[in-house]
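The values are calculated or read from the model by the stated rules, or taken from the named source; none is laboratory data. Owing to the predicted nature of the structure, the values given are computational and were not obtained by experimental measurement. Here the Cβ positions follow ideal geometry from the backbone for every residue, glycine too, while neighbour counts run over all protein chains shown.
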Amino acid sequence: MIKIEQIHHVAYRCKDAKETVEFYKNFLNMDLLVCIAEDKVPSTKEPNPYMHVFLDAGMGNILAFFEITGCAPMGRDQNTPPWVQHIAFQVKDETALLEAKKELEAKGLSVLGVTEHGIIRSIYFFDPNGHRVELTCVTGQPDQMKHLKELAPTMLDEWSRTKTPPRQAAWLHAEEFSKL
């Protein structure tokens, strides 16, 4: 039986590896861990020069990027709204989230939020590659998290059948939660 211990890394494409590393260092205090550069893709042997950078996202989590020179310029899936695909990082608490928002804005970033999600609060901004980045803090109580986990299979089955949003967890975005 496969037992996953943790995510080793997630990888995204970037326009400029150095600019990307500097952004994550300057805005999110992530250190550069490793660079790997090749002329060919090791798994497929395709000739496609790249720089693969790995950043320390804390607690053993790694965020990686590829700058690729052998392909068309980077784009995004035009059929997927920009808010869907994102990279989310957890901060300690709401105080840390509010401090991060203030710091990012002071450094010139446009930040959306704080957005209330019932069990988390989040802020959003974009990196230089157009990737949406989320900083979030958990505000949910253990009983809320347990209840949501119990509801998840039923909600997924309902969605699969109807393709309409199930309402069992609608309280997460109810009006009373949207005011800070």
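Cβ-Cβ under 8 Å, sequence separation 6+ or interchain: first residue in region 98-110 and surrounded by 14 or more Cβ atoms within 10 Å (Cβ to Cβ), partner in a helix (DSSP H, G or I) and not small (G, A, S). Which pairs?
Qualifying pairs under 8 Å: L104/F27; L109/F27.
Please state which one of D127, D93 is modelled with pLDDT of 95 or more and within 30 Å of D39 (Cα to Cα).
Exactly one residue qualifies, and that residue is D127.
State which residue pairs qualify: first residue at negative phi and not assigned by TED's automatic domain parsing to the domain that holds V111 and inside region 3-27, second residue of a type in the set (V, I, T) and in a helix (DSSP H, G or I) in any location, beta carbons under 7 Å apart, and separation of 6 or more residues or different chains.
C14/T20
So in region 37-91, with the set limited to residues that are within 14 Å of the chain's Cα centre (by Cα), of a type in the set (G, A, S) and assigned to a strand (DSSP E or B), which one is farthest from V21 (Cα to Cα)?
Of everything passing the filter in region 37-91, A88 is farthest from V21 (Cα to Cα).
Between N79, N61, which is buried (at least 16 other Cβ atoms within 10 Å of the Cβ) and not β-branched (V, I, T)?
Numbers: N79 fails: buried (at least 16 other Cβ atoms within 10 Å of the Cβ).
Criteria check complete, one pass: N61.
For region 92-126, name all the residues that are more than 18 Å from the chain's Cα centre (by Cα) and not in a helix (DSSP H, G or I).
Selection gives K107, G108, G118.
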